[in-house]
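The values are calculated or read from the model by the stated rules, or taken from the named source; none is laboratory data. If you're wondering where the values come from, they're calculated on a predicted model, not measured in any experiment. We place every Cβ from the backbone using ideal geometry, glycine too, and count neighbours over all the protein chains shown. Surface accessibility is based on the protein's heavy atoms, side chains included, excluding ligands, DNA and RNA. Shrake-Rupley method; radii C 1.70, N 1.55, O 1.52, S 1.80 Å.
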Amino acid sequence: IITLSDLECDYINARSCCSKLNKWVVPEVIGHAVVTVLMLISLHWFIFLLNLPVATWNIYRYIMVPSGNMGVFDPTEIHNRGQLKSHMKEAMIKLGFHLLCFFMYLYRLVSKIALK
């Protein structure tokens with residue numbers, strides 16, 4: 001979010017912004033897919049079903065990158081067609097999702113410890 005807002009305010013150029021953001025796309029996809037599979041294996045159905053759409057969206061977004069682009073975030077297209085605003089909105093939604101998941105996991109951990 002900070003990197004995208006820096007780009008929006010012209011504190012950094014589009015190329016450096018996109019290279020910073022693109023280096024975190026693959027770890028995010030892998031991490032989210034691993035967490036989703038672990039929730040399936042451990043039979044936490046609600047958390048699995050909550051994570052599945054986000055993991056699917058991350059994989060879809062990574063796979064559907066056009067062949068000439070630098071990555072999910074492309075410096076030549078980030079200012080076109082309102083992509084910067086959509087990337088900002090997506091980042092804010094993901095932040096809210098991860099905060100919700102953090103508190104759900106924390107509650108689950110505390111309730112498991114309290115039951116022992």
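Residues in segment 68-90 that are in a helix (DSSP H, G or I) and either of a type in the set (Phe, Trp, Tyr) or on the phi > 0 side of the Ramachandran plot (or both): 2 in all. When segment 83-100 is limited to residues that are open to solvent by less than 60 Å² (accessible area, probe 1.4 Å) and in contact (Cβ under 8 Å) with a residue 40 or more places away in the chain, the one that is farthest from the chain's Cα centre (by Cα) turns out to be 84. Out of the residues in segment 37-67 that are in a loop (DSSP other than H, G, I, E, B) and exposed (fewer than 13 other Cβ atoms within 10 Å of the Cβ), state the one that is nearest to the chain's Cα centre (by Cα). This residue is 64. Residues in segment 101-113 that are of a type in the set (A, V, I, L, M) and open to solvent by 80 Å² or more (accessible area, probe 1.4 Å): 109, 110, 113.
Residue count for segment 1-11 under the criterion of being over 15 Å from residue 90 (Cβ atoms) and loosely packed, with under 13 Cβ neighbours inside 10 Å: the result is 3. For segment 70-82, which residues satisfy the criterion of being open to solvent by less than 70 Å² (accessible area, probe 1.4 Å) and at pLDDT 85 or above? Once the filter is applied, which keeps residues that are open to solvent by less than 70 Å² (accessible area, probe 1.4 Å) and at pLDDT 85 or above, segment 70-82 yields 71, 72, 73, 74, 75. Residues of segment 14-36 that are open to solvent by 40 Å² or more (accessible area, probe 1.4 Å) and either closer than 16 Å to residue 105 by Cβ or in contact (Cβ under 8 Å) with a residue 12 or more places away in the chain (or both): 15, 19, 20, 26, 28, 34, 35. Output yes when any residue across segment 19-30 is under 18 Å from the mean Cα position of the chain (by Cα), of a type in the set (Phe, Trp, Tyr) and part of a loop (DSSP other than H, G, I, E, B), and no when none is. Within segment 19-30, one or more residues are under 18 Å from the mean Cα position of the chain (by Cα), of a type in the set (Phe, Trp, Tyr) and part of a loop (DSSP other than H, G, I, E, B).
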